[in-house]
Amino acid sequence: MSDDPEHSDALRPKMATSIDFTSPPLAQAGVAEFVAFYKKAAPRLVAFLRCQGASLPDAAECVQEALTQALPPRWATIKYPHAWCRRVASRLYARRVGRLEDPVEDAEAAGSPLLAPGTDLEAFEQQHSVLRLLDRLPARQRQVMAWTYDGATPSEIATELQITPEAVRSNLKKARTALRNHLPEKGGEIG
């Protein structure tokens, strides 16, 4: 193994598949850039899907699959990687919901390929306490809020969800009103 940081075991993403990052095509296709993106984007993408109502194991699986699809050499062809991965992960989750798969019997025992062992899941969930509020929204409003929370504009959301920008803004307004109505009285803090 080389001392080159691109070939370092510590920088390789933890993938379910066996990938040889030292092979010439992959070694030259921006692996270090991909690995850095993976580490930064994975938690954000999981949070994005959680905002849409995905369970933590489902969100982690969809994000893992989306990031696997972005692996080099495809990586070099993706112009806007976060938007691409967000779109792919969102579509994977939508397909998963459409199939109504049987849930894992013990989701806690299944673990997560994107969270480090020993991660305090309760603390992680508390950081995302807004999820409890989003769960009260209808699916479309929750979906629009998730895209908005992740930084997408109404026109980008409309394109991705194949609805009009007016429908996006309407759902966004309804969602914000509903969320305001569900906030606790004391200082608007989320419980």
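The values are calculated or read from the model by the stated rules, or taken from the named source; none is laboratory data. Being a predicted model, the structure only gives us computed values, none of them experimental. For neighbour counting, all protein chains shown are included, and Cβ atoms are generated from backbone atoms with ideal geometry for every residue, glycine included.
Summary table
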quantity	calculated
Filter pass, Phe34 being part of a helix (DSSP H, G or I) and at pLDDT below 90	yes
Residue that is modelled with the lowest pLDDT [pool: residues in the range 164-191 that are in contact with a Lys or Arg (Cβ under 8 Å, 6 or more places away or on another chain) and within 21 Å of Ala94 (Cβ to Cβ)]	Ala175
Pro57 vs. criteria in contact (Cβ under 8 Å) with a residue 40 or more places away in the chain and part of a helix (DSSP H, G or I)	yes
Residue match in the range 5-22 (condition: assigned to a loop (DSSP other than H, G, I, E, B), at pLDDT below 85, over 29 Å from Ala139 (Cα atoms) and touching a Phe, Trp or Tyr at 6+ places or on another chain (Cβ under 8 Å))	yes
Long-range neighbours under 7 Å by Cβ, at least six apart or interchain, first residue touching a residue at least 40 places away in the same chain (Cβ under 8 Å) within the range 40-52, second crowded, with 22+ Cβ neighbours inside 10 Å and of a type in the set (D, E, K, R)	Leu45/Arg86; Phe48/Arg86
Condition check for Leu161: surrounded by fewer than 19 Cβ atoms within 10 Å (Cβ to Cβ), closer than 12 Å to Gln52 by Cβ and in contact (Cβ under 8 Å) with a residue 12 or more places away in the chain	yes
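Residue-by-condition table, conditions (1) loosely packed, with under 13 Cβ neighbours inside 10 Å; (2) touching a helix residue (DSSP H, G or I) at 6+ places or on another chain (Cβ under 8 Å); (3) modelled with pLDDT of 70 or more; (4) farther than 26 Å from Arg180 by Cα:
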position: Ala66; (1), (2), (3), (4): no, yes, yes, yes
position: Gln69; (1), (2), (3), (4): no, yes, yes, yes
position: His82; (1), (2), (3), (4): no, yes, yes, yes
position: Val88; (1), (2), (3), (4): no, yes, yes, yes
position: Ala94; (1), (2), (3), (4): no, no, yes, yes
position: Ala116; (1), (2), (3), (4): yes, no, no, yes
position: Gln127; (1), (2), (3), (4): yes, no, no, no
